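*Asks:* Before I ask anything, here is the structure I am working with.
The values are calculated or read from the model by the stated rules, or taken from the named source; none is laboratory data. Because the structure is a prediction, the values reported are computed rather than measured. Positions of Cβ are generated from backbone atoms using ideal geometry, with glycine treated the same way; all protein chains shown enter the neighbour counts.
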Amino acid sequence: MSNPYYNSPDHQMFRDTCRKFVEEEMVPRAREFDAANRMDKSLYKTMGELGMLGLRYDPEDGGAGLDWSYTQVMYEELGRSDNAGATLGISVHTDMATPSLAEFGTPELKQQYLRPAIAGESIGAIAVTEPDAGSDVSAIKTRAVRDGDDWVINGSKIYITNAATADWLCLLAVTDPEAGYGGFSQIIVPTGSPGLHYDLLDKIGLWGSDTGQFFFEDVRVPVANTIGEIGRGFQQQMMQFQHERLVACVHTIASALHLWEETKSWTQQRMLFGKPLSKMQNTQFKMADLWIQLTTAQELINTCVRELVEGGDATDKITMAKVHCCRVASQVADQCVQLHGGLGFMKESMAGRAYVDTRVGTIGGGSEETMLAYLAKYLGF
């Protein structure tokens, strides 16, 4: 389901580029990435050479200067890779770790970190969540205390995607505990910094990405590594979350649609009681119902993208999309497992993989409950 608003020859050319990358570089190596619990870093370099890593960023910084519709195209194609874990690692790099840097970073920070990130020569990760602070970002405790021209950082971060892959972190830390929402800052922290180490975590799904916990023990980085203004980190992070959530919606529904297509093909081949499974009314009704849900989710995504391209504020619609798309993806995965029968419960099954991969959707990037609380407030409750 491509976005009918943005389907020009240029969009199609870029889609072809992304599709070729997925088919040649990702699909054949999906199980390899699963076994390694991370995507091969060389693929980031390939993506950089293809112009896939800085789509919306300023050409002066090495970006392509394109609009959100091209990001949608790319993640629709990545959604067909049959590897949500690897795609998650890519999205962390393109739409979680770098948006604030691109928008608020100094020329020096962009030269040192953003330009290599766009080229695929260095990989970024976002470090916000802590053992006692997830969706409630304001509860984070990791401290950055100024000492001359340096920040001295202590604390920990957990559930950090790209933990073993990242060359640097976009860290959200408390820099003024007395200033409330004005007491947070975003800081670039190289992962090779003395005093910084990590442990990898073992996930039930998304095997193609590395996730870990970071520990900061008197980690020193220059104050010049601060992204934007000191004390504006919370607000910048909230803006960055919008990129993360919409990319998650695009990829999630593209993956679910791919699974629906594969399941349709399976039901047409699978013989049961002397006829294809697809000829049974129960199958037809399930698949039709899932198609309705996928179509409505896609239309909501298209609306979000259109508003962003036209310069609008799509925060409320992105919030709705985060809730709806993740629910739809989980329902699609659940029903497709059922239609695959015993095969759907196997690790090698696309349906089985989707079943565990989609479960995190209502948790990560702002839980479903947090999204609903925001919407309730927006609606005047």
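*Asks:* Restricting the first residue to the stretch 191-210 and requiring it to be in a strand (DSSP E or B), which pairs with a second residue that is β-branched (V, I, T) and at pLDDT 95 or above meet a Cβ separation below 6 Å and a spacing of at least six or different chains?
*Replies:* Partner pairs satisfying both residue conditions: L196/V219.
*Asks:* Looking only at the stretch 48-82, which residues are in a helix (DSSP H, G or I) and either without any contact (Cβ under 8 Å) to a residue 40 or more places away in the chain or in contact with a Phe, Trp or Tyr (Cβ under 7 Å, 6 or more places away or on another chain) (or both)?
*Replies:* Within the stretch 48-82, P59, E60, S69, Y70, V73 qualify.
*Asks:* While we're looking at this one, here's another question. What single numbered condition from (1) touching a Lys or Arg at 6+ places or on another chain (Cβ under 8 Å); (2) at pLDDT below 95; (3) among the acidic types (D, E) fails to hold for E244?
*Replies:* Result: E244 passes all but (1).
*Asks:* Exactly one condition in (1) touching a strand residue (DSSP E or B) at 6+ places or on another chain (Cβ under 9 Å); (2) of a type in the set (D, E, K, R); (3) assigned to a helix (DSSP H, G or I) is false for R245; which is it?
*Replies:* Among (1) touching a strand residue (DSSP E or B) at 6+ places or on another chain (Cβ under 9 Å); (2) of a type in the set (D, E, K, R); (3) assigned to a helix (DSSP H, G or I), R245 violates only (1).
*Asks:* Now a separate question. When the stretch 109-144 is examined, which residues are found to be farther than 16 Å from T175 by Cα and of a type in the set (G, A, S)?
*Replies:* Once the filter is applied, which keeps residues that are farther than 16 Å from T175 by Cα and of a type in the set (G, A, S), the stretch 109-144 yields A117, A119, G120, S122, G124, A125, A133, G134, S135.
*Asks:* Counting only residues that are part of a helix (DSSP H, G or I) and buried (at least 19 other Cβ atoms within 10 Å of the Cβ), which one in the stretch 310-323 is nearest to the chain's Cα centre (by Cα)?
*Replies:* Once the filter is applied, the top-ranked residue is K322.
*Asks:* Can you tell me which residue is nearest to A117 (Cα to Cα) among those in the stretch 161-217 that are hydroxyl-bearing (S, T, Y) and touching a strand residue (DSSP E or B) at 6+ places or on another chain (Cβ under 7 Å)?
*Replies:* So, considering only residues that are hydroxyl-bearing (S, T, Y) and touching a strand residue (DSSP E or B) at 6+ places or on another chain (Cβ under 7 Å), the one nearest to A117 (Cα to Cα) is T191.
*Asks:* So which residues in the stretch 160-174 are touching a Gly at 6+ places or on another chain (Cβ under 8 Å) and under 17 Å from Q240 (Cβ atoms), if there are any at all?
*Replies:* Matches in the stretch 160-174: I160, T161, N162, A166, W168, L169, C170, L172, A173.
*Asks:* What are the residues in the stretch 106-142 that are surrounded by fewer than 16 Cβ atoms within 10 Å (Cβ to Cβ) and either in a helix (DSSP H, G or I) or among the basic types (K, R) (or both), if any?
*Replies:* Passing the criteria: P107, E108, Q111, S138, A139, K141.
*Asks:* Select from the stretch 177-219 the residues that are touching a helix residue (DSSP H, G or I) at 6+ places or on another chain (Cβ under 6 Å) and small (G, A, S) and write down the one among them that is surrounded by the fewest Cβ atoms within 10 Å (Cβ to Cβ).
*Replies:* G205
*Asks:* Any residue at all in the stretch 358-369 that's over 16 Å from the mean Cα position of the chain (by Cα) and within 16 Å of G134 (Cβ to Cβ)?
*Replies:* yes
Rundown of residues vs (1) assigned by TED's automatic domain parsing to the domain that holds V152; (2) among the aromatic types (F, W, Y), yes/no style:
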{"site": "K203", "(1), (2)": "yes, no"}
{"site": "D210", "(1), (2)": "yes, no"}
{"site": "F216", "(1), (2)": "yes, yes"}
{"site": "E262", "(1), (2)": "no, no"}
{"site": "K275", "(1), (2)": "no, no"}
{"site": "A288", "(1), (2)": "no, no"}
{"site": "E299", "(1), (2)": "no, no"}
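*Asks:* Right, next: Any residue at all in the stretch 220-241 that's part of a strand (DSSP E or B), hydrophobic (A, V, I, L, M, F, W, C) and touching a helix residue (DSSP H, G or I) at 6+ places or on another chain (Cβ under 6 Å)?
*Replies:* Yes, that holds for at least one residue.
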